[in-house]
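Colleague: Here it is, the structure in full.
The values are calculated or read from the model by the stated rules, or taken from the named source; none is laboratory data. Remember, it's a predicted structure, so these values are computed and weren't measured experimentally. Cβ sites come from the backbone with ideal geometry, for glycine too, and all protein chains shown count toward neighbours.
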Amino acid sequence: MDTAALLKSVSDPSDFPDEKSAPGLRSLDHALRCNICGEFFDGPVTLPCGHGFCSLCIREHMRQESNCPMCRVAAPESSLRKNIAMEEAIAAWTSARPLVLRLVSDEKKSITEREANPSTTPSNAVNGKKRKWSSEGTFTTQEAGPSKVQKEKPAGDSRKNSGQSPKSPIRVDERDDEVEMVNTSDIEEADAVDPVVNCPMCAKSVLESRINPHIDSGCKIFLASKGQNVNNWLKIFPGRAKGKEKQTDDTSNDVEPDRLPKASYGVLKEKKLREMLQEHKLPTTGDKATLIARHQRWIMIYNANLDRAAKQRKTNNELRADLARWEETRSFKKDQVSDGVAYQEAHKNEFNQMIKDARKRLVKKETPEKSRSTTTHAAPSTSGPSNVVAGGDDDNVADSQDES
Amino acid sequence: MNSRSTNSSTALRRLMTEYKQLTANGSPDGMFTAGPISESDFFTWEALICGPKDTPFEGGIFAAKLTFPSDYPLSPFKMKFEPPLFHPNVYSDGTVCISILHTPGDDPTQYEHASERWSPVQSVEKVILSVISMLAEPNLESGANIDCCKLYRDNREEYVRIVKASIREQLGL
Ligand SMILES: [Zn+2]
Ligand SMILES: [Zn+2]
Ligand SMILES: [Zn+2]
């Protein structure tokens, strides 16, 4: 069960029904994702061949091979161009996604109910038609049959419907607060009643009450504050104890910052390396190999960050925190093991937390629907191989199913 | 506003995504299943592969262990048939030798084309499909089990007989 819950917490195209029942939704969700990491493009860049990836994903690949992972056409790192239109499309889709999932799930629910109880839907009983997504992406049968779990609300009644025409009422349920953004200025007052937790997926700070919709959104929304990640390195920057002070950071001015050039480390003395690190306010501890690796990684994440739209960019302090976390993993790898098994073993707490959170989700989301869930996700077995179970496409919108 | 923190969390997330998609979509023609052996370890999977039709492997079901590195998918995973499989491209310990699981830097045979090697957009599904076609058509240029290669080349009948016998034995017939 835990595995099933964990899987539900991962956002991916199979959250949507298959192409037959909801044409285009899966492909849309897929088209906006990076084929290396499987997530929505983060700082999308395009190669000369036309293929696109997250800036950091492709830069990591290009340290090993200067080519496109899709078509293998040669491409140097300098040929990467950011894709602003793609980034805007992703921002729009990630904010629309929870609502679309909700609508799809409601539609599925309503089909299930009609099938289970055809007498309540006279129009369907007469012509024997089922409600289906048409190729235009609208419901082909619009009659609002009696429904126990849903309410019709006029568009104006709900914040999230504000963009909709009043002529086309959207079915929503009572929990209509999920697309509300958290006002970060409220966080401190809210701390006592609604503690900030670290998301098991992205490790960022999220209000406990928002953790589920946050994960649903692919970790894009409901971030509580940006300060959490910086903790480790606050010692290095005691003057910046608050992550909030974005305006003091050097990425906030209006001038587009320059990309950092690569250095040829072979000829550099350790002293010079330390100076170069100091220039970027990075730690200068460690042997020469560590200094070089740190500087290389810094240049990579710094340049990748510039492929994000200005308002999506991380501050330099956030990048430093990312670098610190990367070093932790790296030194761990180098000193002890090289495989993920041992990594996961050593980070048991994180994974346990992840499973605990997932279990919370499961209890919260599944209990109310047990009564009618004859076709829930095939729960992968917990011992022995977790077999893949084919079919049951329409079960995959479970992610967004609502309490009734 | 991004959800990446370290390489390993990228690996874990990517593995969860792959598993979720395999669970949701199944494999083509139900030719294989794959998933983590236990919920506490997403970096070790077991795959069960059906022997492809019209080959000596037809009727058999072959278990393989997949071991993922912490920088997956930048680096490929390892695949090992347990118990080992008698096949020209499988080492005697069961490890699969196939170009899609080799990075450009590690080509043991020098016979492989760059276009067939690992890249971070490959996946468990693509690799297993390649392994299934490898079962049907061994690649003698990058042999891993030399005796088996010779047998396959020089005495196909005996090769088929040994493979079929091992499948019957595996099924307890
Ligand atoms: Zn990516
Ligand atoms: Zn390409
Ligand atoms: Zn998150």
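Colleague: Got at least one residue in segment A:44-59 being of a type in the set (D, E, K, R) and within 16 Å of ligand 2 (Cβ to nearest atom)?
Modeller: Yes.
Colleague: Tell me, yes or no, whether segment A:272-284 has at least one residue that is surrounded by fewer than 12 Cβ atoms within 10 Å (Cβ to Cβ) and either basic (Lys, Arg) or modelled with pLDDT of 50 or more (or both).
Modeller: Among the residues of segment A:272-284, at least one is surrounded by fewer than 12 Cβ atoms within 10 Å (Cβ to Cβ) and either basic (Lys, Arg) or modelled with pLDDT of 50 or more (or both), which makes the answer yes.
Colleague: Okay, moving on. Mind counting the residues in segment A:252-293 that are in a loop (DSSP other than H, G, I, E, B) and either free of Cβ contacts under 8 Å to residues at least 40 places away in the same chain or on the phi < 0 side of the Ramachandran plot (or both)?
Modeller: Matching residues across segment A:252-293 total 22.
Colleague: Would you check which residues across segment A:60-79 are under 23 Å from the mean Cα position of the chain (by Cα) and within 12 Å of ligand 2 (Cβ to nearest atom) and list them?
Modeller: Within segment A:60-79, A:HIS61, A:PRO69, A:MET70 qualify.
Colleague: Something else: Name every residue in segment A:81-96 that is among the hydrophobic types (A, V, I, L, M, F, W, C) and either within 11 Å of chain B (Cβ to nearest Cβ) or within 12 Å of ligand 2 (Cβ to nearest atom) (or both), in order of residue number.
Modeller: If the condition is that a residue be among the hydrophobic types (A, V, I, L, M, F, W, C) and either within 11 Å of chain B (Cβ to nearest Cβ) or within 12 Å of ligand 2 (Cβ to nearest atom) (or both), then A:ILE90, A:ALA91 are the ones that fit.
Colleague: Filter segment A:208-235 down to residues that are touching a strand residue (DSSP E or B) at 6+ places or on another chain (Cβ under 9 Å) and charged (D, E, K, R) and give me whichever is modelled with the lowest pLDDT.
Modeller: My answer is A:LYS226.
Colleague: Quick one: how many residues across segment A:11-21 are surrounded by 22 or more Cβ atoms within 10 Å (Cβ to Cβ) and in contact (Cβ under 8 Å) with a residue 40 or more places away in the chain?
Modeller: Selection size over segment A:11-21: 4.
Colleague: Quick one: in segment B:128-173, which of the residues that are touching a strand residue (DSSP E or B) at 6+ places or on another chain (Cβ under 7 Å) and β-branched (Val, Ile, Thr) is farthest from B:ASP71 (Cα to Cα)? Walk me through how you get there before you give the answer.
Modeller: Narrowing segment B:128-173 to residues touching a strand residue (DSSP E or B) at 6+ places or on another chain (Cβ under 7 Å): B:128, B:131-132, B:144-145.
Still in the list and also β-branched (Val, Ile, Thr): B:128, B:131-132.
Numbers: B:ILE128: 20, B:VAL131: 22, B:ILE132: 25 Å.
Here the residue is B:ILE132.
Colleague: Could you go through segment B:39-56 and let me know if any residue there is outside any strand (DSSP E or B) and at the interface with another protein chain (Cβ under 10 Å from one of its Cβ atoms). Show your work before the answer.
Modeller: Going through segment B:39-56, the residues outside any strand (DSSP E or B) turn out to be B:39-40, B:51-56.
Among the residues that remain, those that are also at the interface with another protein chain (Cβ under 10 Å from one of its Cβ atoms) are: B:39-40.
For segment B:39-56, residues outside any strand (DSSP E or B) and at the interface with another protein chain (Cβ under 10 Å from one of its Cβ atoms): present.
Colleague: Another question, then. Mind checking whether some residue in segment A:62-70 is outside the structural domain of A:CYS202 (by TED's automatic domain parsing), within 16 Å of ligand 3 (Cβ to nearest atom) and small (Gly, Ala, Ser)?
Modeller: No: zero hits.
Colleague: Could you check, for segment A:23-36, whether at least one of its residues is without any contact (Cβ under 8 Å) to a residue 12 or more places away in the chain and surrounded by fewer than 24 Cβ atoms within 10 Å (Cβ to Cβ)? Quick ask: steps written out before the conclusion?
Modeller: Here is the first cut: in segment A:23-36, the residues without any contact (Cβ under 8 Å) to a residue 12 or more places away in the chain are A:31.
With the extra rule that they be surrounded by fewer than 24 Cβ atoms within 10 Å (Cβ to Cβ), the set shrinks to A:31.
Within segment A:23-36, one or more residues are without any contact (Cβ under 8 Å) to a residue 12 or more places away in the chain and surrounded by fewer than 24 Cβ atoms within 10 Å (Cβ to Cβ).
Colleague: Return only the number of the condition from (1) modelled with pLDDT under 95; (2) surrounded by 15 or more Cβ atoms within 10 Å (Cβ to Cβ) that B:GLU137 does not satisfy.
Modeller: With respect to (1) modelled with pLDDT under 95; (2) surrounded by 15 or more Cβ atoms within 10 Å (Cβ to Cβ), B:GLU137 is out only on (2).
Colleague: Quick one: would you say A:GLN296 is in a helix (DSSP H, G or I), more than 24 Å from the chain's Cα centre (by Cα), under 30 Å from A:ILE90 (Cβ atoms) and of a type outside the set (Val, Ile, Thr)?
Modeller: yes
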